[in-house]
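Reviewing the structure listed below.
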Amino acid sequence: MKKVIFGIIVLFLSLPFLQSMTGTFSLRPLSGHGYVAPDTVFTWKKWWDGTFQIQREKYINDNFGFRNLFIRGYNEISYNLFNKLNLDGGVVGKENYLYEQRYLDAYYGVDFLGDEIIKEKVRKIKRIQDTLQKLNKFLLIVLAPGKGSFYPEYFPDELKRIKGPTNNESYENHLKEQVVHHIDFNTHFCNIKKTSSHSLYPKYGIHWSSYGATLAADSIISYLNKNSYRKMQRFNWHSVVMKKSNLYDNDMGDAANLLITDLSDSSAYPVLEEVPGDYDKISTLVISDSFYWTLASIGLEKRYSKFHFLYYNKQKFPENMPVDPTDLYNFTNESDVVLIISTEATIKDLGWGAIEKMYNFYFSDFTDPELRTKIIEMQNYIRADKNWSKAIAEKANKEKVSFDSILFREAKWEVDRFLKHQMTK
């Protein structure tokens with residue numbers, strides 16, 4: 001009997017190794033954006049410097065047999081026994097509504113920058129808008145809805161607190177006051193929440209629903225057609241199909257990676273129709289957080305003749321490459337329309353440095369091509385210096401401004417100092 005028990009234990013412990021070697025069982029892949037270490041190729045150089053062993057260890061750790069099953073099982077236990085999501089900032093609300101903590105923080109004003117800081121930033125946006133208009137370009141700020149503002153009634157009781165002033169409210173007030181072109185979907189969605197035919201915000205998703213995004217996309221096009229004196233093709237539909245939520249409407253439910261519990265439901269999807277007609281060919285630059293992906297999925301990009309998407313102003317699409325220092329300047333010059341989109345959880349960093357850079361393009365000596373090149377070279381030099389870059393990050397955090405705005409300031413100061421020194425020689 002002991003031998004049988006021992007054999008069963010050995011077999012059980014050997015199963016992960018056998019699965020990793022043979023791949024006998026087909027397992028559901030994990031959802032989300034988790035990094036899985038790739039395998040490495042053996043070379044004597046890698047062996048002697050230790051990089052082969054390190055990379056191979058990471059690969060084995062991320063690819064051992066039944067890893068996905070174990071992770072889903074662990075997540076299932078955390079969710080059902082402790083009401084916990086093993087997601088960065090994940091929160092389980094009442095009736096299993098899923099949130100990210102940063103949306104609760106934004107709703108309560110925990111991340112509030114201060115009215116004066118926001119007022120100054122809007123002043124810069126206004127000057128950029130007016131300058132672009134003289135260049136026959138149109139700037140539109142889009143305040144996407146936030147799940148905190150849309151579903152505060154499902155917050156867990158232990159995370160409720162006294163509500164203070166918020167970044168979203170301050171931006172809305174100053175955008176109105178300074179007459180900046182904008183659409184506030186955060187307020188609008190809350191106002192039509194009870195009368196909307198279908199859900200504007202999914203229970204198990206963190207972004208607007210595909211239905212809500214379709215309404216928003218059509219509103220954006222209508223606003224541009226009316227105010228930018230351009231004619232874009234609008235969205236048109238006569239019917240809506242209810243079906244199992246796709247990855248845009250169920251991103252948090254999928255990313256929870258549970259073993260048994262199904263965090264998904266049905267969502268509404270308009271059946272879109274193309275409206276024939278003569279439309280303007282519009283080149284567009286989009287600077288946005290992840291809310292733009294849903295707009296792209298329903299076909300907003302088809303309305304552009306050419307487009308660039310700067311994801312958090314860090315990664316550019318469709319190239320899927322890091323943003324170069326000169327991209328913003330070049331893409332702005334190429335574009336007829338510039339859209340800056342942000343939800344309440346990310347609006348504290350609205351533009352992610354792009355607004356400060358654009359302001360410097362038009363309202364400093366940075367418009368001089370030779371000086372611009374020198375400043376960009378200095379910025380690259382500072383970025384490569386770890387200590388200098390760290391000091392700038394600390395200063396940006398202290399002053400509550402973006403890293404790029406401090407980087408530009410320091411680079412320009414260094415170039416100015418160098419040029420003055422050259423002139424005194």
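Read-outs: derived from the displayed coordinates by stated rules, not from any lab. Keep in mind the model is a prediction, meaning the values are calculated, not measured. As a convention, Cβ positions derive from the backbone with ideal geometry for all residues, glycine included, and neighbour counts pool all protein chains shown.
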Toy charge model, Lys and Arg Cβ at +1, Asp and Glu Cβ at -1: the chain dipole around Cα centroid in debye, rounded to 20, equals 460 debye
Shape descriptor, the chain: equivalent ellipsoid semi-axes (Cα gyration tensor, sqrt 5λ, whole Å, largest first) stand at 41, 32, 22
The alpha-carbon center of segment 307-347 and that of segment 171-219 are separated, in whole Å, by 21 Å
So, with points 7 Å from each Cα along the Cβ direction, the Leu159-Lys314 label distance in nm works out to 2.2 nm
For Glu95 and Tyr74, extending 7 Å from Cα along the Cα-Cβ vector and measuring point to point gives, in nm, a value of 3.3 nm
One finds, for Trp44 and Asn387 with R0 = 30 angstrom and r their Cβ-Cβ distance, a FRET efficiency to the nearest 0.05 of 0.30
Going from the fewest other Cβ atoms within 10 Å to the most, one would list Phe331, Phe317 as Phe317, Phe331
Checked segment 260-344 against the a/c 1.5 cut and the a/b vs b/c comparison, axes a ≥ b ≥ c from its Cα gyration tensor; verdict oblate
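If each residue of separation counts as 0.36 nm, what is the full-extension length gain between His188 and Ile54 once their alpha-carbon separation is subtracted?
Values: separation 134, 0.36 × 134 = 48.24 nm, distance 5.18 nm.
The His188-Ile54 span can extend by a further 43.1 nm.
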Descending packing, highest mean Cβ count within 10 Å first, for 43-53, 289-299 is 289-299, 43-53
Taking a straight Cα-to-Cα line shorter than 16 Å from Lys137, and setting aside same-chain aspartates and glutamates fewer than 8 residues away, one finds Asp280, Glu334, Asp336
Full extension between Asp324 and Trp413 adds, at 0.36 nm per residue less the Cα distance, a length in nm of 29.9 nm
In Å, the C-alpha Rg and Dmax of segment 78-138 are 19.7, 60
